[in-house]
Amino acid sequence: MKPEETFDFPLRWAWHGVQRHYNLIASRHDLTMTMGYVLLNIDMSDGTPSTQLGPKIGMEPGSLTRTLKTMEEKGYICKAGDETDGRRVRICLTELGKEKREVSRQAVLHFNEYLDQKVPPALKKKFFEVMEIINDTLKNENIFEELSKYETTN
């Protein structure tokens, strides 16, 4: 099977392009795409519990911890104790973080509005239908289970 005939090749190729686009914009504002994504997923008024942030955005705990540390050092976020549960920590946006969040929001809006002009509605609908099938398959089925017969001892 040629790469162009697989599902994963165009997904990866497109995602690489999206990352490049967002990181180019983000770098002009002392951000990364990951930081922008985190900023967009923090509740602006109440903050977000740190334990909910990782699963919400699909980041591994180690990566999220490093990203949050960098964001705190840059002054984009602060950590506050949870009023209802002293064991929990809420991640809150600083004023600078709110400004950086708006930059991220505008970049996402611009990118999606631009694609909305390029992609006809019928194709957009089909795209989302196919993505739903892929996501449901990955979420609900162990599609790689049968590959265990190819495992090596090393």
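Considering only residues in segment 134-143 that are without any contact (Cβ under 8 Å) to a residue 12 or more places away in the chain and under 26 Å from L40 (Cβ atoms), the one that is surrounded by the fewest Cβ atoms within 10 Å (Cβ to Cβ) turns out to be K139. Within segment 144-153, is there a residue that is of a type in the set (D, E, K, R) and surrounded by 10 or more Cβ atoms within 10 Å (Cβ to Cβ)? Scanning segment 144-153, I find no residue that is of a type in the set (D, E, K, R) and surrounded by 10 or more Cβ atoms within 10 Å (Cβ to Cβ), so the answer is no. Does segment 116-125 include one or more residues that are surrounded by 12 or more Cβ atoms within 10 Å (Cβ to Cβ), at pLDDT 95 or above, farther than 25 Å from L53 by Cα and not acidic (D, E)? Yes, that holds for at least one residue. Sub-9 Å Cβ pairs linking a first residue in segment 1-30 that is under 21 Å from T137 (Cα atoms) to a second residue that is in a helix (DSSP H, G or I) and of a type in the set (D, E), at least 6 apart or interchain, are P10/E4, ordered by first then second residue. In segment 104-114, the residue that is nearest to I42 (Cα to Cα) out of those that are in contact (Cβ under 8 Å) with a residue 40 or more places away in the chain and surrounded by fewer than 17 Cβ atoms within 10 Å (Cβ to Cβ) is R105.
Tally up the residues in segment 50-65 that are modelled with pLDDT of 90 or more and touching a strand residue (DSSP E or B) at 6+ places or on another chain (Cβ under 8 Å), please. So the answer is 2.
If you filter segment 87-98 down to residues that are modelled with pLDDT of 95 or more and over 19 Å from the mean Cα position of the chain (by Cα), you find that the one that is nearest to G54 (Cα to Cα) is T94. Return a yes/no flag: does segment 94-101 have any residue that is basic (K, R), without any contact (Cβ under 8 Å) to a residue 60 or more places away in the chain and either part of a strand (DSSP E or B) or touching a strand residue (DSSP E or B) at 6+ places or on another chain (Cβ under 8 Å) (or both). No, every residue in segment 94-101 fails to be basic (K, R), without any contact (Cβ under 8 Å) to a residue 60 or more places away in the chain and either part of a strand (DSSP E or B) or touching a strand residue (DSSP E or B) at 6+ places or on another chain (Cβ under 8 Å) (or both). Return yes or no: is R90 in contact with a Pro (Cβ under 9 Å, 6 or more places away or on another chain) and not aromatic (F, W, Y)? Here the answer is yes, as R90 does meet what is asked. Could you check how many residues of segment 79-135 are under 22 Å from P10 (Cα atoms) and β-branched (V, I, T)? Counting residues in segment 79-135 that are under 22 Å from P10 (Cα atoms) and β-branched (V, I, T) gives 5.
The values are calculated or read from the model by the stated rules, or taken from the named source; none is laboratory data. This structure is a prediction, so every number in the text was calculated from the model and none was measured. All Cβ positions, even for glycine, are placed from backbone atoms using ideal geometry, and neighbour counts span all protein chains on display.
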